[in-house]
Amino acid sequence: MIGLRPAGKAAVVLAYLLVVTTTGARGVTAGAISPPPRGAGFSYQIGGAFAPAPGTAIVDRDRHDPPAPGAYGICYVNAFQAQPNQIGWWRRHHAALLLRRHGRPVIDRSWHEQLLDTSTPPKRRAIAAIEATWVRGCARDGYRAVEPDNLDSWQRSRGALTRTDNLGLAQLLVERAHGAGLAIAQKNTVEVAGAARRMGFDFAIAEECQPYHECDRYRRAYGDRVIEIEYLDNGGEASFQRACRLRGDQISLVLRDRDVRPSGRPGFLERRCR
């Protein structure tokens, strides 16, 4: 230990306890939790990591990729659904946590992901325990925040889940993220923005809020702690330019291709207002 004066055994034990209880695994104090810088250049890289463009201060990547050096890193976690390449793992190890209705898997057809079953407190705790290991991994890798996706999965559950079910898991994830020293983002689902902010979400990541007229609702809950992602195939160039005129000098705002391809791949698009 550093800076201990010669003292009795009790004093040494007390000093050790103070260090353990005020720092995390990487020496980050609880007070060090902070959301991304307001209005900074943002790169959304959940489809594959690539070298950020000059002026990028925030980079969002999948939890399996390392954070971008020198940038504020956000770690993407699919928290409410099982990605296609992970459904087999869930079925082998945690089949009871995958959502079924009338014996049939409930699938998000847009992304071919099976929903996780948040319908009971024991299942929510079990899911949170699994995902807490992912969150701690993000922290160990050097990420500063976590982005748990698909908060709105109850809307695709064919009546098997409720908003309350998913907010129950969300509350557990807020606690796990903060316990690991990470900020946590509300991803989409504007109808729960006020409740999510009150339960401890630190900032919002809003996809396509311009064409759906939702941006002001996110900002009422989070102020300028909003990252906006627009897609060219929904609203087009005119919609993106309007978003830039309204908010581009106040929040982080980026235009991306729908599949969030890495730079250099056919169809890649990433552009900021400035």
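The values are calculated or read from the model by the stated rules, or taken from the named source; none is laboratory data. Quick caveat, the model's predicted, so the values are computed rather than measured. No Cβ is skipped: glycine too gets one built from the backbone with ideal geometry, and neighbour counts run over all protein chains shown. Side chains are part of the model used for accessible areas, which takes the heavy atoms of the whole protein and leaves out ligands, DNA and RNA. Shrake-Rupley method; radii C 1.70, N 1.55, O 1.52, S 1.80 Å.
Tabulated values for the structure
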read-out	value
Contour excess over end-to-end distance, with Cα ends at Arg140 and His112 and 0.36 nm allotted per residue	7.1 nm
The stretch 159-174-the stretch 190-267 distance, computed between alpha-carbon centres (Å)	23
Within a Gaussian network of the chain (alpha carbon springs, distance under 10 Å), most fluctuating of Val106, Val226, Val146	Val106
Rounded to 5, percent antiparallel among DSSP beta bridges of the chain	30
Solvent accessible area, Å² - Thr133, 1.4 Å probe, full protein context	70
Stretchable slack from Arg258 to Arg220, in nm (0.36 nm times residue separation minus alpha-carbon distance)	11.0 nm
The stretch 157-274 - share of DSSP beta bridges that are antiparallel (%, nearest 5)	20
Extension gain (nm, one decimal) between Ala32 and Gln86, 0.36 nm per residue minus Cα-Cα	16.2 nm
Which label in (1) 6, 24, 27, 22, 14, 6, 2, 0; (2) 6, 29, 37, 22, 5, 0; (3) 7, 27, 33, 21, 8, 3, 1, 0 gives the computed P(r) over Cα pairs in 10 Å bins from 0, in percent	(3)
Pairwise label distance in nanometres, Phe268 with Arg245, each label 7 Å out on the Cα-Cβ vector	3.1
Mean Kyte hydropathy of -1.0 or more with a Cα span along the axis of at least 15 Å, helices from DSSP in the chain	9-22, 121-141, 163-179, 236-247
